[in-house]
Amino acid sequence: MNDVSHNTEKSTAVPAMSPAKGLLVLIGVVVVVGGFIALCAALGIKEFWGGFLFLLYWSGIEHMKFERLPHCISGALLGLLLSYLLFALPTWLGEIGGVVFLGLILVVVYCQIMGWFSVAVNMTAMLFLTVGTIPAVQTGADFAGVLAALVLGILYFVGLLWGANKLKQRKVGPVVAS
């Protein structure tokens, strides 16, 4: 049998790193994550998962692209707000609060489908909404604490990468046009 299927796309695989370099990267990750947890603890923030969820999306999906920050930040804030509304609307409005929430979600999902307001209505929003509406999160989360961790995580992780990029640029020196 003749196999005519060929993969014509270029490989986007990341080259394997040496075990020593992998260990150095792991140590760096431990230091950065430990620093964020320590900062949260020092500020009394217990719901630090909000900062890590932001980091997961921005680094893993958006590859830490600064031009994607507005989308990631506004999406995270919208998703967290919607999660909070699932918690708060029934308290504020009684049984009708759940119906109002479902109506709001239908509008947001329709905007997602149509590609409207994509700076905020995006996959980051859907990730935060999904996690924030998990029943265990709904019954046990301190949403103000999650918001604090999210804001702190944005400042911390984005600040670290920005600072690292500035140091790297200083080491390389100015680019001379030829």
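The values are calculated or read from the model by the stated rules, or taken from the named source; none is laboratory data. Model, not experiment: these values are computed from the prediction. Every residue, glycine among them, receives a Cβ derived from its backbone with ideal geometry; neighbour counts consider all protein chains shown.
Could we say that Phe157 is farther than 18 Å from Ser74 by Cβ and either in contact with a Ser or Thr (Cβ under 9 Å, 6 or more places away or on another chain) or among the aromatic types (Phe, Trp, Tyr) (or both) here? No. Considering segment 117-170 alone, what residues qualify as being touching a Leu at 6+ places or on another chain (Cβ under 9 Å) and of a type in the set (Ser, Thr, Tyr)? Matches in segment 117-170: Thr124, Thr133, Tyr156.
Of the numbered criteria (1) more than 15 Å from the chain's Cα centre (by Cα); (2) at pLDDT 95 or above; (3) of a type in the set (S, T, N, Q), the one Ser74 fails is (1). In summary, Leu129 fulfils each of the numbered conditions (1) part of a loop (DSSP other than H, G, I, E, B); (2) of a type outside the set (Phe, Trp, Tyr); (3) in contact (Cβ under 8 Å) with a residue 40 or more places away in the chain with the single exception of condition (1).
Might you let me know whether segment 138-147 holds any residue that is assigned to a helix (DSSP H, G or I) and either touching a Lys or Arg at 6+ places or on another chain (Cβ under 7 Å) or within 24 Å of Asn165 (Cβ to Cβ) (or both)? Among the residues of segment 138-147, at least one is assigned to a helix (DSSP H, G or I) and either touching a Lys or Arg at 6+ places or on another chain (Cβ under 7 Å) or within 24 Å of Asn165 (Cβ to Cβ) (or both), which makes the answer yes.
Going through (1) buried (at least 17 other Cβ atoms within 10 Å of the Cβ); (2) farther than 15 Å from Phe48 by Cβ one by one, Val131 falls short only on (2). As a summary of the residue check, Val119 satisfies the conditions (1) in a helix (DSSP H, G or I); (2) touching a Ser or Thr at 6+ places or on another chain (Cβ under 9 Å) except for the one numbered (1).
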